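Engineer: Before I ask anything, let me first share the structure, which is written out below as structure tokens.
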Amino acid sequence: MGKVEFEDIKGYLQGLADDTIKYGVSKYPGMEIESYLMYGYESEISIEGGLPKALDGFGGGIGVRIADKKCVGFASSSGLTKESLFDTVDDAVATMQAINATDEKFHGFADPVKRHSVDGDFYKPILDLTSAELIQMVNQITSEAREVDKRIATIMGNTGIAYGGFAVANNRGINNASTSVASFIVIQCIAQEAGSDKRKIGFEFDVSRSRELKWDGLAEKAATHAVNLLETKKLNKSEPLPTVWEPRISSTYIMSSLSPALNGRMVVEGRSRFADRIGEEITLKEFSLYDDGQIPEGLSTSAFDAEGIPTQKTSLIEKGVLKNFLFDSYYSRVFGTESTANASRSGQGFTSTPQIGVTTLIVPEGSKNVETAINEISEGIFMQDYVMGLGHSDPISGDFSAVAPQSLYIKDGEIAGSLDPVTIGGNFYKGLNEIRHLCTDAILTPWNIKIPTVVIDGFTVSG
Amino acid sequence: METIEDVLEFAVNEGEKAGADFVEARFEDLKLHTLIREKDTMKDVLSSRRRGIGITTYYKGVQGFSYTAALSQPDVQETVLRAVKIAKASEPTARLRLPFEKDGKLPDIRTPLEFKVNKHPMKYSLAYKKDLVDRASSTALSYDSPKANSIIGRYGELSGIKMLYTSENRLVSYKPIITDLRMTVIVKDPKTGELLRAGDGYGGAYGLDRWEQKGRTPEEIATNAYNWAVEKCDAKKPPAGKHRVLTDPDLTAVLAHESFGHLTEADGVVEKSSPLTGKIGQQIANEGINVIDRGINPGEGGLWLPFDDQGVPTANTNLVENGVLKSYLHNRGTEQAVPDSGGLSGNARALNYRFSPIPRMKNTIFLPGDVKTEEEMLELLGTGIYSIDTSGGSVSMSNFQFFALRGYWVENGEKKYPLRDHLLTGNILQCLLQVEALSQKTVLLSGYFGGCGKGGQNGLSVGMGAPHMLFSEIQVGGES
């Protein structure tokens, strides 16, 4: 496999994808075949508590779907030797035949779609960052954090780059490829008062595919934030209060609720409450939601989805009205619509069959800035940094219960100190109808959601 | 043609020639099968081969790790040279180093160790395993008041071989095995139209005869999942606030793992991020509490892990004895850095060949107490919450949260009404001082699906076990 230059990745993978299809079509006439190949490099350096660790590697592999009429099978293998590609085709056929399960709703792999689409932004100097430069960056950011305050007990810094691409081809004429790059830096500081068990975290990050990383001042911000949270008080009540969800937290809200509920597989298979509600109002009319596979700075933006269909922008909720769900080719056919080009493959990609996933979700900003929104709250909670448990909650019923370990208390329109951990409970979907404000501070979070601070009424806060 | 053993030995030699103090070359060739059925249709039928080499090099107590999915000698050579290069480049920044010495007493196992089970999954066809999923699915779909709105039947299996060659010129090799069968049922509440889920299933080092045993058959798993989903139609949310809480063995096992086990992983101790740093010998839990972490369980079940990913035999580690913290979970470097904390435990584990081993749990188990039955535990609870099963949890600093999937509101030892999903939270070190009783009944959990996440290595199979546990007080999330 060895090193393949970035510019050559598409051609390299498309050539192998084509070889695989030709092999399958000639050896197994009459069957359908789809091959997905991935190749990539990653390099990551961390310094945790003063201990450096460096990792890098070249990865790649192939995933093959085979269908004989209504019978489908899949096999994958790491490595990209000709031998392993052809073995994987044979394994997919053997697996399909061993299971011998028919799927009456299967109507073949994806058909080619003609639509203009492009890969996300690409900042070439990211490719030229050496391990030595990454080590210097993480050394500097952790050193800066150490200088801020002696109550910083532990520092973790982490930086890395990744680049790579995938190609997907099938017997219906698809053979498309995409490449991408990414770079990131993270700094996390734990503050602790000497002789106390109380610990608070501050973390900051930057992620980019389209420009140089900006990490000036991040260390100081993270360390200062953690130290400032050390002094806390108890909320000492359990009642419904307005809650302010900063973008890092509001994005996990959407990820744990609408993201699964608007997934076409969940809809078709009876696990979404919105299954038969297209055209109905499902949120307040101030709320809209899009999925955009073409946003240039999006970390998961690529010209094609994991079935080789050109990506697009899909309107999901417009002014409160449900417009569409996210689909791959299989579930769009079952539902009787077009694929929204949301096929994605988890992990390294080639190890998984296409599943439906978001590209970048976008919640448009409202008109209120965060300060004004807080000023209007007589008593409430500002949730920041991270919330534990949203991801373990039930996205089907929408019932959730979570812990905010580092929230702030709002009293008479002002931030009035840091709180001991509080729990927040309620229902995700009910909450979408009780949004008081969407603010004007949207950012693109690393969870592929671009969203502002959101203020919601009615959740029970307890602590 | 060179064997894979030759390639690993070659990698170690090349790494040493390039200046590494110590090299570990790790190979895996694993086969993973996944079957997922939705209602009437087998939706995902996956057969995956995961094969590659990961090489850890150590230079003055600092590690560099590189991996490759290509196994030719030139690819492996390039990989080990990169690993040495990044270790050397990182070394000057180190404020903490974790060097360790060569150890001539560690084993050399050239013939792969195998786990003996009846009905070894590799000897049975995929059709046999599909039948398990089909039987569970058909059972779940056979009930009709109400009919299931959605069901997911899943079978997963991992088998194959792992090998490690080290600078001690020794090789260790074993053949891991994991099987798993699960059923999830979603029903629509006939009164409110709400969708409610419940699930059942088991996984771990089992032969396929596991699903022939009473209480474990696909039909029984599916019936449980269906009944528990239906029961949720009448369930309420618990009142938010502090309650007496009884946790069932499944949930307690996750607590053992998430809320306690992670804090004993020694990387967090040497980096001073764990709240258990410096607490060896201290009373951190009630006297009745004993926690162990072991690689091999008696009989079947749990995770079968004879060696860790540094080739260290897995120890029976006593983490907590009568409430006193005795050990941490180590890799070879942390064990040297923290003397008198239990010794080499065999806890260096990597998610796969693309990751370097870090301290992770094996089978983390709360040992049982003396209360005989569930009924007696309910009597001891008196009035409060009985929390059952979990979708997982997490711990940050000393705060833990975990999510119970079901439960009952209990008054005077009697179940009054079923509970919906609810959150349990608190400070783990306080919580362990509030344990009032443990039952004699324990379960051992592991599996192919799900798994543990840490440091970007998510989905690692671990084992966990526990009895029922009664707490005098836990904060419960709900509605006021």
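What follows draws every value from the coordinates through simple rules; no lab data is involved. What you are looking at is a predicted structure, and each value in this text was computed from that prediction instead of being measured. Cβ coordinates were reconstructed from backbone atoms using ideal geometry, including for glycine residues, and neighbour counts include every protein chain displayed.
Engineer: Any idea which of A:V148, A:P112, A:T88 is furthest toward the positive side of the dipole for region A:77-161, if Lys and Arg beta-carbons carry +1 and Asp and Glu beta-carbons -1?
Structural biologist: Value computed over the given set: A:V148.
Engineer: For a quick check: with amide H placed at 1.01 Å from N, whose amide H comes under 5 Å from B:G392's, ignoring anything fewer than 5 positions away on the same chain?
Structural biologist: B:F403
Engineer: Going through the DSSP H helices of chain A, which span 20 Å or more along their own axis at the Cα atoms while scoring at least -1.0 as a mean Kyte-Doolittle hydropathy?
Structural biologist: A:9-27, A:82-99, A:131-148
Engineer: On to the next question. Using θ = phi - 60° and the Karplus relation 6.51 cos²θ - 1.76 cosθ + 1.60, list the HN-Hα couplings for region B:23-31 in order, rounded to whole Hz, with x at every Gly or Pro.
Structural biologist: 9, 10, 10, 10, 10, 9, 9, 10, 10
Engineer: Just checking the output field for B:89-100: average partner chain Cβ neighbours within 10 Å of each residue's Cβ?
Structural biologist: Counting Cβ atoms of other protein chains within 10 Å of each residue's Cβ and averaging gives 6.
Engineer: Considering only lysines 8 or more places apart in sequence, or on different chains, count the pairs in region B:241-477 whose C-alpha atoms sit under 25 Å apart.
Structural biologist: Here the count comes out as 18.
Engineer: Using Cα centres only, tell me the gap between region A:191-236 and region A:37-62 in whole Å.
Structural biologist: So the two Cα centres are separated by 25 Å.
Engineer: While we're here: Report the local net charge at B:T184: Lys and Arg +1, Asp and Glu -1, summed over other residues whose C-beta lies under 9 Å from its C-beta.
Structural biologist: +2
Engineer: Which net charge results for the neighbourhood of B:V62, defined as the other residues with beta-carbon distances under 9 angstrom from its beta-carbon, given Lys and Arg at +1 and Asp and Glu at -1?
Structural biologist: With Lys, Arg at +1 and Asp, Glu at -1, the net is +3.
Engineer: Still on this structure, please answer the following. Which value, in debye to the nearest 20, describes the size of the charge dipole of region B:365-460 about its Cα centre when Lys and Arg Cβ atoms bear +1, Asp and Glu Cβ atoms bear -1, and nothing else is charged?
Structural biologist: About 400 debye.
Engineer: What value, in deg cm²/dmol to 500, does the helix sum -39500 (n - 2.57) over DSSP H runs of n ≥ 4 give at 222 nm once divided by the residues of chain B?
Structural biologist: Here the helix-only value at 222 nm equals -5500 deg cm²/dmol.
Engineer: Considering Cα pairs under 8 angstrom that are at least six residues apart, work out the relative contact order of chain B and quote it in whole percent.
Structural biologist: Taking the mean separation of contacting Cα pairs over the length of chain B, I get 16 percent.
Engineer: Could you sort B:53-64, A:358-369, A:208-219 so that the peptide with the highest average Cβ count within 10 Å comes first and the rest follow in order?
Structural biologist: Taking the mean over residues of other Cβ atoms within 10 Å, the ranking is B:53-64, A:358-369, A:208-219.
Engineer: Given the pairs A:K233/B:K237; A:K124/B:K88; A:K69/B:K43; B:K88/B:K162; A:K105/A:K313, which are separated by over 21 angstrom at their Cα positions?
Structural biologist: Checking Cα-Cα distances, A:K233/B:K237; A:K124/B:K88; B:K88/B:K162; A:K105/A:K313 exceed 21 Å.
Engineer: Given bins 5 angstrom wide, list per bin the percent of all Cα-Cα distances in region A:6-222, short to long.
Structural biologist: 1, 7, 12, 13, 12, 10, 9, 8, 8, 7, 6, 4, 2, 0, 0
Engineer: Here's a follow-up. What is the sum of charges, Lys and Arg at +1 and Asp and Glu at -1, for the other residues whose Cβ falls under 12 Å from the Cβ of B:K416?
Structural biologist: Local charge sum for B:K416: -1.
Engineer: Something else now. In whole Hz, with x marking every Gly and Pro, tabulate ³J(HN,Hα) for region B:274-289 from phi via Karplus 6.51 cos²θ - 1.76 cosθ + 1.60, θ = phi - 60°.
Structural biologist: Residue by residue, region B:274-289 yields 8, x, 8, 4, x, 10, 4, x, 8, 6, 10, 8, 4, 4, x, 9 Hz.
Engineer: Also: Give me the inter-chain shielding for B:57-63: mean count of other chain Cβ atoms within 10 Å, whole number please.
Structural biologist: 2
Engineer: Nothing charged except the Cβ atoms of Lys and Arg (+1) and of Asp and Glu (-1): what's the magnitude of the dipole of chain B about its Cα centre? Round to the nearest 20 debye.
Structural biologist: Magnitude of the dipole: close to 800 debye.
Engineer: So, with +1 on the Cβ of K and R and -1 on the Cβ of D and E, and no other charges, what is the size of the charge dipole of region B:241-477 about its Cα centre, to the nearest 20 debye?
Structural biologist: 540 debye
Engineer: Peptide A:67-75: average number of partner chain Cβ atoms within 10 Å per residue?
Structural biologist: Mean partner shielding for this stretch: 3.
Engineer: Continuing with the same structure: Round to the nearest 10 and give me the degree value, 0 to 90, for the angle of helix B:4-17's Cα axis relative to the longest principal axis of chain B.
Structural biologist: For helix B:4-17, the angle is close to 60 degrees.
Engineer: If you keep only loop residues by DSSP, which trypsin sites (Lys or Arg not before Pro) in region B:209-268 have at most 10 other Cβ atoms within 10 Å of their Cβ?
Structural biologist: Those satisfying the criteria are B:K214.
Engineer: Sticking with this structure for a sec: Could you tell me the center-to-center distance, by alpha carbons, between region A:69-134 and region B:282-297 in angstrom?
Structural biologist: Each part's Cα centre sits 46 Å from the other's.
Engineer: In chain B, with Lys and Arg counted as +1 and Asp and Glu as -1 at Cβ, which of these residues, B:G465, B:H33, B:G203, has the Cα nearest the positive end of the dipole, that is, farthest along it?
Structural biologist: Checked the options; the winner is B:H33.
Engineer: Could you order the peptides B:291-303, A:154-166 from most to least packed, using the average number of other C-beta atoms within 10 Å per residue?
Structural biologist: For the peptides B:291-303, A:154-166, the packing ranking is A:154-166, B:291-303.
Engineer: Quick one: Cα centre-to-centre distance for region A:397-448 and region B:32-97, in angstrom?
Structural biologist: 38 Å
Engineer: Per residue and in cubic angstrom, what volume does the convex hull of the Cα atoms of the protein assembly as shown have?
Structural biologist: Roughly 150 Å³ of hull volume per residue.
Engineer: If you filter region A:244-347 for GluC sites (Glu not before Pro), then keep DSSP loop positions with at most 11 other Cβ within 10 Å, what is left?
Structural biologist: For GluC sites (Glu not before Pro) across region A:244-347 that sit outside H, G, I, E and B with at most 11 neighbouring Cβ atoms in 10 Å, the list reads A:E280.
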